[in-house]
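Notes for the one structure printed next.
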Amino acid sequence: MSNVPLLGVPLMDRDHQTLDAMFERLPTTADADLPALFAAIDAETRAHFAREETLFAEVPIAHCHLAQHALVLGEFDAAAARIATLDAAALRTLIGVTLREMIVGHVGSVDLVTSQFLGGHMTADATANLRLPERPGCPV
Ligand SMILES: [Fe+2]
């Protein structure tokens, strides 16, 4: 049973299902194997984001999506830095709740908007009136 919605973009849907299947392995993963599961999800998330970002060339507000990817990967970095200090219960919560909900939320928000554009259900001018803060490296 998948926790992520299908978006109609094959690359995104295939990758999201792969990640979801990895999260689904958590309950049957032995405590000793939790760091390896985390490492596998971490690696797959990074590879998925890189693949997904190849779709962004004409997508409006892609910089916001890229920023969200960076935020998610920052959470994975933070998790990796403290994984050795966590007991199995805390590690299960980190993987199965914190990180999984972050991924599911990402799919249901910026991925959903991106898929609407890629599927021809949204035009670039749909975001023309958005006013986002200008920051170096974050073009508006
Ligand atoms: Fe994304």
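Each reported figure results from applying straightforward, stated rules to the coordinates on display, with no laboratory input. Note that the structure is predicted; figures quoted are calculated from it, not measured. Glycine gets a Cβ as well: all are built from the backbone with ideal geometry, and neighbour counts include every protein chain shown.
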Report the per residue volume, in Å³, of the convex hull enclosing the C-alpha atoms of segment 1-43. 59 Å³
Quickly work out the E24-to-A57 label distance, labels modelled 7 Å from Cα along the C-beta direction, and quote it in nm with one decimal. 3.4 nm
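Round to the nearest 0.05 the FRET efficiency obtained for Q17 and D87 when R0 = 30 Å and r is the Cβ-Cβ distance. Spell out each step's value before the answer.
Numbers: r = 30 Å, r/R0 = 1.01.
Between Q17 and D87 the formula returns 0.50.
Would you mind computing Rg(Cα) / (2.2 N^0.38 Å) for the chain, counting N as its residues?
Details: Rg = 16.3 Å, N = 140, 2.2 N^0.38 = 14.4 Å.
Ratio of Cα Rg to 2.2 N^0.38 Å: 1.13.
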Inter-site label distance for T123 and D31 at 7 Å from Cα along Cβ, in nm: 5.9 nm
